[in-house]
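The values are calculated or read from the model by the stated rules, or taken from the named source; none is laboratory data. Values in this document were obtained by computation on a predicted structure and should not be read as measured data. Cβ coordinates were reconstructed from backbone atoms using ideal geometry, including for glycine residues, and neighbour counts include every protein chain displayed. Areas reflect the complete protein model, heavy atoms only, side chains present, ligands, DNA and RNA absent. Shrake-Rupley method; radii C 1.70, N 1.55, O 1.52, S 1.80 Å.
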Amino acid sequence: MESAISSPLSTSSHLLPSPSRSSLGSRSQSFPSLPNLRCPSFKSRCFLGIPFRSRQTQPIRCQSSNQQPAKDDGFVIEDVPHLTDFLSNLPSYPNPLKQSQAYAVVKQTFVSTDDVVAQKVVVQKDDPRGVHFRRAGPREKVYFKSDEVRACIVTCGGLCPGINTVIREIVCGLNYMYGVEDILGIEGGYRGFYSKNTLRLTPKVVNDIHKRGGTFLRTSRGGHDTNKIVDNIQDRGINQVYIIGGDGTQKGAALIYKEVEKRGLQVAVAGIPKTIDNDIAVIDKSFGFDTAVEEAQRAINAAHVEVESVENGVGIVKLMGRYSGFIALYATLASRDVDCCLVPESPFYLEGRGGLFEFVEERLKENGHVVIVLAEGAGQEYIAQEMQAVDGKDASGNKLLLDVGLWLTEKIKDHFTKVQKMAINTKYIDPTYMIRAIPSNASDNIYCTLLAQSAVHGAMAGFSGFTVGPVNSRHAYIPISRVTETQNTVNLTDRMWARLLASTNQPSFLEGNELHERVDKEDVDVINHNMRATSI
Ligand SMILES: Nc1ncnc2c1ncn2[C@@H]1O[C@H](COP(=O)(O)OP(=O)(O)O)[C@@H](O)[C@H]1O
Ligand SMILES: O=P(O)(O)OC[C@H]1O[C@](O)(COP(=O)(O)O)[C@@H](O)[C@@H]1O
Ligand SMILES: [Mg+2]
């Protein structure tokens, strides 16, 4: 690999020529006719004659660079920063992948600088073209010499199947594709930058780690100190930082990027989104989610076997999902043994007509047993009202949740024995840590590989302050702020939730037209948010 990098580079005939970044000629170009459209963080940039939009600006309608009126078709790019935004004279080099045997027969090794991924694929004829993200993948030019790269990897937040695969593939991707040999592991999350020694990572060291659960680099909550971290990055001569973690971690990554930019350092900061809850916005799905849904089947199956074997058996399985009930929803749909699924987005109530107790009673009479799956964030307001618990937080500032599974088990037990005078058999299963701790399955492993490689290509190409992930199945570079400003939640007005209701035939816990009235008034995200906050 090294010799391939240092050998003279030839342009393979199979490579389609793609315009270089500078040939687009518009990164630092201003638009005299549109003086107010400057984007503070990305400067004034243009793509196919259309300025990029930052989060601070409104959607832009513009003229092309030759001052011909551009077609106003509502095309918007939400682009990621590039090192040349603040280091204008940074030299670039031909991508060593040009010499790669693996890519020798690939029709188009490099992603065209013009390629973008549409956020919305279901559209109507007259809709504006909408928001797009830069397509991920290798670029013809890189902004780092391979032997000058000193990369580091850090993992933060809770565990999730697949973290080790991402670590492994970043190391192998950097080494095998780009000939990078200097890769450091930061131990124990963000605080490891300034409180621990680093680990040397090589393909050999990480060879088998994808077969294990957890994180080879260990993790932590809290301890994010931007200045100390960036001081450390600077002191160690690190110039590529790969940060694997959830929404909290990505917020931390954005602060690191901003500080790096402020100090004018040639450091690429790449975020790889991790969350078992699947609550990261914009991307299709987070890694480890499929594995978690699969593993949850074992807990649901165990609950079903238990309650089927006794009289009036009530099985309760609590799954992960602080604010988003995706694991509960998908695990329920996959299982077919679940009678009722409760998620944080959908309020429920226990007593009276249409309530959970009535439903449980009906199912017990009908089948002799019932299985309830609930996400950990479901019904929190309900429990808090009763328990008057103090608002606890973890080291990262996340609200500590009360155990809804235990609470519901007690409530059901109480109701049937004391009020209904009916003997029931409750079985409560909380498989959270058993699920989180397993290695990722085959499809998540492949997904993790793509994420890692996309991150490596992006950093080598000089992008920074970005998160990588699939948008409508195509990997894209997404501004970090886009994945941290909102959370992905189960949309009760989507067909997926209706599919669940149709499959379990559970009550919707919503009075008649209440939901539809709200849909008319507000947009879907607001509804989800309101539903979480509604007291029941
Ligand atoms: N708003 C924030 N700004 C900076 N760092 C943050 C922020 N929120 C969380 N972090 C840091 O990110 C790391 C992981 O956050 P946490 O919420 O525990 O997990 P996750 O990233 O999985 O959501 C912790 O080290 C925490 O200090
Ligand atoms: O007990 P821990 O390690 O703090 O983790 C519990 C939390 O971690 C999660 O599994 C994932 O949370 P993060 O993605 O924020 O790390 C949640 O579902 C759960 O509430
Ligand atoms: Mg989080």
May I ask for the net charge around residue 303, where only other residues with Cβ less than 15 Å from the Cβ of residue 303 are counted and Lys, Arg are +1 while Asp, Glu are -1? -1
Out of the trypsin sites (Lys or Arg not before Pro) in the range 403-512, which ones are loop residues according to DSSP with at most 14 other C-beta atoms within 10 Å? 421
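Just order 348-359, 106-117, 213-224 by mean Cβ neighbour count inside 10 Å, highest at the front, would you?
213-224, 106-117, 348-359
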For residue 287, the accessible surface traced by a 1.4 Å probe with all protein chains present amounts, in square angstrom to the nearest 10, to 0 Å²
Å² per residue, accessible surface of the range 147-227 at 1.4 Å: 37 Å²
Report, by chain and number, residues whose modeled amide H sits under 5 Å from the one on residue 469, excluding near sequence neighbours (fewer than 5 apart, same chain). 476, 478
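Using a Förster distance of 30 angstrom, determine the FRET efficiency expected from the C-beta separation of residue 127 and residue 501, and round it to 0.05.
Working: r = 29 Å, r/R0 = 0.97.
The value I calculate is 0.55.
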FRET efficiency for residue 446 and residue 234 from the Cβ-Cβ distance with R0 = 35 Å, rounded to 0.05, comes out at 0.45
Could you tell me the center-to-center distance, by alpha carbons, between the range 78-126 and the range 307-327 in angstrom? 45 Å
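If r is the Cβ-Cβ distance from residue 88 to residue 176 and R0 is 25 Å, what FRET efficiency results, to the nearest 0.05?
Working: r = 32 Å, r/R0 = 1.27.
In this case the efficiency is close to 0.20.
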Full-extension gain in nm, residue 108 to residue 493, via 0.36 nm per residue minus C-alpha separation: 134.5 nm
Alpha carbon centroid spacing (whole Å) that separates the range 147-201 from the range 212-273: 11 Å
Residues other than residue 149 with Cβ under 9 Å of its Cβ, Lys/Arg counted +1 and Asp/Glu -1, net out at -2
Paramagnetic reach from residue 420 in the range 311-330 [backbone N under 11 Å; point 7 Å along Cα→Cβ]: 312-314
Beta carbons within 10 angstrom, averaged per residue: use that to sort the peptides 122-128, 307-313, highest first. 307-313, 122-128
What accessible area per residue, rounded to a whole number of Å², is obtained for the range 325-466 using a probe radius of 1.4 Å? 41 Å²
